[in-house]
Amino acid sequence: MNYQKLDAALATALNDVQNSEETSLAVFIHTEPILNSAATAILESLGVSDVTSGKDIFTATLSLNAISQLSEQPWVKYLKRSQQLGLVNRRINTPK
């Protein structure tokens, strides 16, 4: 695994993974803008959808093994953890 291509949140989340084959981590995959057919095939085999030439950011839910495999590819720039954001729906109490 090439940890230099992982953001801190993803690297930390990998420590909590129990099953390295389970697809449990939502990630952004940042690649070179022009992918060859081999790179496209790898992404599609890992379940990444909408893989088209010229696109350089993909989203997918991957396993630890898939993240490790992608981090070793020369056409992958970096991998970033995607987290679900929640709405903040409360008032902040400020002193009067």
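The values are calculated or read from the model by the stated rules, or taken from the named source; none is laboratory data. In this text the structure is predicted, and so the values were computed from the model without any measurement. Positions of Cβ are generated from backbone atoms using ideal geometry, with glycine treated the same way; all protein chains shown enter the neighbour counts. Please note that ligands, DNA and RNA were not included when accessible areas were found on the heavy atoms of the full protein model with its side chains. Shrake-Rupley method; radii C 1.70, N 1.55, O 1.52, S 1.80 Å.
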Review point. Do you know which of the residues in segment 49-78 that are acidic (Asp, Glu) and at pLDDT below 90 is most open to solvent (accessible area, probe 1.4 Å)?
Key: Asp50
Check your understanding: What number of residues within segment 51-83 are in contact (Cβ under 8 Å) with a residue 12 or more places away in the chain, farther than 15 Å from Lys5 by Cβ and in a loop (DSSP other than H, G, I, E, B)?
Key -> 7
Check your understanding: Which residues, counting only those in segment 16-41, are in contact with a Leu (Cβ under 9 Å, 6 or more places away or on another chain) and either crowded, with 18+ Cβ neighbours inside 10 Å or modelled with pLDDT under 85 (or both)?
Key -> Val17, Asn19, Ser20, Glu21, Glu22, Thr23, Ser24, Leu25, Val27, Ile29, Thr31, Leu35
